[in-house]
Structure formats: structure tokens, C-alpha cells
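Scroll down for the structure; my scribbles are underneath it.
The values are calculated or read from the model by the stated rules, or taken from the named source; none is laboratory data. What you see is a predicted model; the values in this text were computed from it and never measured. In this analysis, Cβ positions are derived from the backbone assuming ideal geometry, glycine residues included, and neighbour counts consider all displayed protein chains. For the accessible areas, the whole protein counts, side chains as well, though only heavy atoms, and no ligand, DNA or RNA atoms are used. Shrake-Rupley method; radii C 1.70, N 1.55, O 1.52, S 1.80 Å.
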Amino acid sequence: MKILITGVCGFAGSALARSLLERMEGLSICGMDNLTRPGSETNRRRMQQLGVEFFHGDIRAASDFEGLPSADWIVDAAANPSVLAGLAGHASSRQLFEHNLCSLGNVLEYAKTRKAGLILLSSSRVYSIPALTELPLRVENKAFHLDDAKPLPRGVSAEGIDADFSTAAPVSLYGSTKLAAEAVALEYGHAFGFPVWINRCGVLAGAGQFGTPDQGIFSYWINAHLRRRPMRYIGFDGSGHQVRDAFHPRDLAALLMAQMQSGRGEGQRIYTAGGGPANAMSLAELTAWCDARFGMHAPERDSRPRPYDIPWVIMSNRGAERDFGWRPETGLPTVLDGIAAHAEQHPEWLELSGR
Ligand SMILES: NC(=O)c1ccc[n+]([C@@H]2O[C@H](COP(=O)([O-])OP(=O)(O)OC[C@H]3O[C@@H](n4cnc5c(N)ncnc54)[C@H](O)[C@@H]3O)[C@@H](O)[C@H]2O)c1
């Protein structure tokens, strides 16, 4: 089997390549990346050492796909993954649109003409921000918790958010590119007879992840705490109570493998995947974890709200477990330990992966 990974030098793309090669005998991987993400260059050599055939190219350019070998599957992991992309001070809205959505036409034409299946890495950010902010929450031990004693809307339970939760706008500019990409990919797959799987991923985290305050938060927070950088709890009264679940891309690789091996052509195509309730943590809890490991360092409180911020997101793995027997295996403490060890070995990491 041959797999093409776009964004192969990114955090998810490179970790997926490594993990899929470990898990699948006889697999060969080729990958394309334009190396725009600061830090992604560091993965080019690593990928080549693993035997990944690397192509320096841009998914926005149709001609960059012409020279690529044919693959049985494409894993599309090239994107601008920041929820603030498109807003002032970040990538422009046009750039976001071109990288995350216009480029999809080239990916889909490749799948159509080369008869490849497609796996899209979508996001928890496709969900409605008003619906998420209206969820009933209570504060316990410095973290928001879903108050499931109260009536809950469709698509959310104590296990987390599933594929049925509202995707009504606004979902953020970034989230809208992902949501639109899902619809177009499913339509191409249906029209031209190739399999499409869509995974709405919660936060991915692990050693070697590039980190900024708006993307790669676990990596950013641990590196910034260790280096005693100024840090801020933004919004939510400056409390740091906002909660995310996190999982390692090597666990995602197991789900991708199950999807590629499934011959099922009908039924559910969109799944949620994440760390789940067991792998969830608030920023304040993450600070406490860092304090215990590196010594005390207090973030500032900045209660001004930031666009698109949401207090609580945990992804449900119920569908993926039912249909693929999948659940994340790496516990959050192991993920955090890995990031911390990497941070200790790479004092320059924030500069290297900063925008
Ligand atoms: N990291 C997360 O928490 C998370 C969560 C949900 C979904 N996702 C999705 O997973 C995918 C990978 O995210 P990541 O965290 O690895 O991000 P990343 O920034 O680490 O990796 C993205 C890679 O894509 C490359 N790239 C960007 N635009 C490109 C283009 N036009 N042509 C070729 N290469 C291009 C970048 O150089 C980078 O190496 C994205 O689609 C993202 O939306 C990520």
C-alpha cells in the first residue's frame, strides 16, 4: 500500500507518517509540504530518514500534484490550523481560504484521477460557537465541567461532543473552511466512487509539536512555563478554567488504519476523535502540572475575551469505538511528559516554531 500525506512535515503529518510506517507492513509513504509552518523544515530530514519520499510542493498548485506518484490513499494534513487565521494579526482571510479550501480541489482531483481514497483531518472547530458557549457548565477544581444534570442539546453527552452537534454559523473562519471541505470531499467521493473518511479531531498534542498561543496550546504552554515566559489566561474572567481534551497523533494513526482497511462504502463517514473525558484538562490544571514539574510560574489574568474562544470542548469517541473498535491509548500524563522532555532538550523551541 502507498499513502500520500500532504503537510507531511507538520506535527500531525510527520507523527502520522512515523506511526503508520511502524504499524503497517509493506507500507510506503510519499509526502508533500511547502514548509510554510515555522519549524516544519526540521521534519524534512527526519521524514527522509524514515524512507518517506518527500516532495517540496504546495497543495494550492495543481501542477505540484502532477509529479507525485500515485497512491492508494491520501491523508490531507496540510492546512493553516490556527483558529485565529484570517483575523487581523494572523494569516489573511484570503490566505486561509486558499490554503484550507481552494487547495482541496487539487487534492480531490488527485483522488479522482488516481483512484485514491481520502482521509480528511477536520476539527472540533466545525461546531457552532454560540451552541458551545451556551452549554451548561459548572466549575470544579479549577476547570469547567459539563453539567449533564441539566438538559443538553443534541450531539453532546458526558462522553463529549459527537458528529450530531450543531455546526450552525458562526464556527470561526478556520472552522468554516473545514466544514466546507468536509461537504465537498463527501460529494466528490460519492460522485466519483472513492472512499472518504472525515475525522473531526480534538486537540492533537505531543513532543515536537510547534506551539503558539493560538495553536498547539499544550506545547506552547509547557515550553513557555519552562522558559518563564509571560503567559496569559485569556477570557473567562482570566481564570484559566477553559478545558480541552488532547490526544497523540500516533493514536489517530490507529483510527486511520482501521478506516483504510474497512471496506464499508455506506453509512457514517464523519467521526469525532479526541482524548475524551479521561484526557481533558483546563489551562489552570496544566499550569499546576507545570508548577509541579518546573517550579512555580504564574500566568497573568487577562479577562478580555478573544474571538472564537470557547470554554469547554471534549470530543466523544463513541462512534469510532463502536465502528472501528478505536479509542486513544496514550494517557494525557504520557503526552505531557513527552512534551516536557522535548522542551527541556530544545531551549529554542518557541523561537523556532513562532510565527
Ligand atoms: N493540531 C491540532 O490540534 C489539530 C486539531 C484538529 C485538526 N487538525 C488538523 O490537522 C491538520 C494538521 O495540523 P497540524 O497540527 O499538523 O498543523 P501543522 O501546522 O503542524 O502542519 C501543517 C503542515 O502543512 C503544511 N502546509 C500548510 N499549507 C500548505 C500548502 N498550501 N501546501 C503544502 N503544505 C502546506 C505546513 O508547512 C505544515 O508543515 C490540519 O488540517 C489541521 O486543521 C489539527
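Each part reduced to its alpha carbon centroid, the stretch 197-233 and the stretch 94-173 end up 18 Å apart.
In the chain, the portion of solvent-accessible area held by carbon and sulfur atoms comes to 51 percent [1.4 Å probe, whole percent, DNA, RNA and ligands not counted].
With every protein chain in place and a 1.4 angstrom probe, the accessible-area ranking of Arg293, Arg125, Arg327, largest first, reads Arg327, Arg293, Arg125.
Most tightly packed first, judged by the mean number of other beta-carbon atoms within 10 Å of their residues, the peptides 12-20, 304-312, 340-348 read 12-20, 304-312, 340-348. The tail of the calculated P(r) for the chain beyond 37 Å holds 14 percent of all Cα-Cα pairs. Of all lysines in the structure, the ones whose alpha carbon falls short of 22 Å from that of Lys2, not counting any fewer than 8 places away in one chain, are Lys112, Lys115. Taking the DSSP bridge list for the chain and keeping only pairs wholly inside it, about 20 percent are antiparallel. Among the trypsin sites (Lys or Arg not before Pro) in the stretch 169-274, those located in a DSSP loop and surrounded by at most 13 other Cβ atoms within 10 Å of their own Cβ are Arg228, Arg264. Summing charges over neighbours of Ala278, with a neighbour being any other residue whose Cβ is under 15 Å away from its Cβ, gives -3 when K and R count +1 and D and E count -1.
Helix 104-114 and the long axis of the chain differ in direction by around 40°, with both axes built from C-alpha atoms.
Protein heavy-atom accessible surface, 1.4 Å probe, per residue over the chain: 42 Å².
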